[in-house]
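Written out below as structure tokens is the structure these notes cover.
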Amino acid sequence: MRRRAIARLTAVLATVALLAPMRVPDAAGAPARYEAENATVSQGAVESNHAGYSGSGFVNGTNATGSYVEWTVNAASAGNADLAIRYANGTTANRPMDVAVNGTVVSAGRAFGGTGAWTTWATSTLTAAVNAGANTIRLTATTSTGGPNLDYLDVDMGGTPNPGTPVQANGQLKVCGTKLCNQHGQPIQLRGMSSHGLQWYHQCLSTGSLNALAQDWKADVLRISMYIQEGGYETNPRLFTDRVHNLIEQATSRGMYAIVDWHMLSPGDPHHNLARAKTFFTEIAQRHNGKNNLLYEIANEPNGVSWARIKSYAENLIPVIRQNDSDTPILVGTRAWSSLGVSDGASETEIVNSPVNASNIMYTFHFYAASHGSEYLSTLSRAADRLPIFVTEFGTQTASGDGGNNFTRSQQYLDLMASKKISWTNWNYSDDSRSGAVFKGGTCPNGPWTGTGPLKPAGVWVRERTMTPDDFPAG
């Protein structure tokens, strides 16, 4: 990554296709090695002036955004492959690169930090899904400083078998202790996206966008947010119930779980909508009780009322649902905009001391990382050790769903949720003008939907974390 003579720089600007790719072994085999000097190189050169490399050399890319190295990888079968990238970076600055598989970025701006010297080599490993047959794996520099020196790519098909869709892997969910468990009784974590209000952004839930959510984002779950007021359900119950029916079918056909979100917000007392909720959930449960991919969220964000009032609502509604559906987990909103009471100066203790009298239920928690700091994070951590918690809504920005992103705090939440297997959905999968809507304005209804091009910064960030391969345990 040093300065080169003009003649040399001119020579390496062309794309160079080198030797034929190696074959990836069968799933039981050892990792296959793909030397960088045998790859397709754009804006770079093969060199051998720094010791410690494998093969006949390494690729030294031009200091330019867009310089890349691309390998062709042949897989015996579809599945998840562990990709180990060996590199050296003799500077003290990060040299980030996008990692793309078959044209889809699976790790955006992946860090390749300093290794101490150009002769000191390190390995960065990630897991990504590959297809049976030929696959392209491309590393592209995302800044004007270019990428690191690249030595080789190791591809291991033996580490993580492809379990199929999330629903194929896990089947009917149930609450076991403080965890959400799959059909084998093993705790799992679901990750996915929440829609925006169906009265405003139904056009963002098209065939193309839902295909992208399931296949490009590799989401496990879609939260179907149906507002009750604000131009929602109460204005036309038939229209909005039918929209929910359709979206349940859309999620089911793609192998995703679906959260049916009764998105009450204002007024904040869920009893205001109890009769409507009984009507709605009775129909939903009657039609879909044979499915194994649903969760019912019965009160989005209760506010301005006590926990006792919320508990009373749940204990009135849950028996109505259970008359028609005995198996689907039910998610109960918590006090003060589903903050477990923190936004009202309370805590999870009120729920621990007086839980809802029902089985196979979880309690919801919502946070917005730029507004909700250590007190909220600590509450979530404590609560998850005593209560089954599902984070059905969070954002990387302020509680308004707008403003600057706090990705550092957001990652602290995601790390905690991963360690305790707390499932989550991010707000929101639309092209709303706010920073929390993942798509840029004008994306809906026609896309494009895949990759990072149509996404705002929050969308790029959460997509990468949604598509990280799942760790779904078998029985």
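The values are calculated or read from the model by the stated rules, or taken from the named source; none is laboratory data. Note that the structure is a prediction, hence the values are computed from the model and not measured. Note that each Cβ is placed from the backbone with ideal geometry, even for glycine, and that neighbours are counted across all protein chains shown. These accessible areas exclude ligands, DNA and RNA; they are computed on the full protein's heavy atoms, side chains included. Shrake-Rupley method; radii C 1.70, N 1.55, O 1.52, S 1.80 Å.
Numerical summary
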quantity: Qualifying residue in region 382-397 (condition: assigned to a helix (DSSP H, G or I) and free of Cβ contacts under 8 Å to residues at least 40 places away in the same chain); calculated: yes
quantity: Residues satisfying the stated conditions in region 68-98, i.e. modelled with pLDDT of 90 or more, farther than 17 Å from Arg33 by Cβ and either in a strand (DSSP E or B) or of a type in the set (A, V, I, L, M) (or both); calculated: Tyr68, Met97, Asp98
quantity: Yes/no for Tyr429 being touching a strand residue (DSSP E or B) at 6+ places or on another chain (Cβ under 8 Å) and in a helix (DSSP H, G or I); calculated: no
quantity: Verdict on Thr119 being in contact with a His (Cβ under 9 Å, 6 or more places away or on another chain) and part of a loop (DSSP other than H, G, I, E, B); calculated: yes
quantity: Residue among Glu234, Glu249, Glu230 that is among the charged types (D, E, K, R) and assigned to a loop (DSSP other than H, G, I, E, B); calculated: Glu230
quantity: Helices (runs of 4 or more DSSP H) enclosed by region 298-378 - at least 2 residues per element that are more than 27 Å from Gln411 (Cβ to Cβ), among the aliphatic types (A, V, I, L, M) and out of contact with any strand residue (DSSP E or B) (no Cβ under 9 Å at 6 or more places or on another chain); calculated: 307-322
quantity: Hits in region 130-147 (condition: open to solvent by 10 Å² or more (accessible area, probe 1.4 Å), touching a Lys or Arg at 6+ places or on another chain (Cβ under 7 Å) and closer than 19 Å to Ala84 by Cβ); calculated: none
quantity: Restricting region 293-317 to residues that are among the β-branched types (Val, Ile, Thr) and buried (at least 21 other Cβ atoms within 10 Å of the Cβ), the residue that is farthest from Cys181 (Cα to Cα); calculated: Ile310
quantity: Single condition Gly290 does not satisfy, out of (1) part of a helix (DSSP H, G or I); (2) open to solvent by 10 Å² or more (accessible area, probe 1.4 Å); (3) closer than 19 Å to Glu249 by Cβ; calculated: (1)
quantity: Matching residues in region 41-67 - criterion: being open to solvent by less than 40 Å² (accessible area, probe 1.4 Å) and either closer than 13 Å to Arg138 by Cβ or not in a strand (DSSP E or B) (or both); calculated: Val41, Ser42, Gly44, His50, Ser54, Gly57, Val59, Gly61, Thr62, Ala64, Gly66, Ser67
quantity: Hits in region 75-92 - residues which are within 30 Å of Gln215 (Cβ to Cβ) and surrounded by 17 or more Cβ atoms within 10 Å (Cβ to Cβ); calculated: Ala75, Gly79, Asn80, Ala81, Asp82, Leu83, Ile85, Arg86, Tyr87
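Rundown of residues vs (1) open to solvent by less than 10 Å² (accessible area, probe 1.4 Å); (2) out of contact with any Lys or Arg (no Cβ under 9 Å at 6 or more places or on another chain), yes/no style:
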site	(1), (2)
Thr408	no, yes
Lys421	no, no
Asn428	yes, no
Asp431	no, no
Gly459	yes, no
Pro469	no, no
Pro473	no, yes
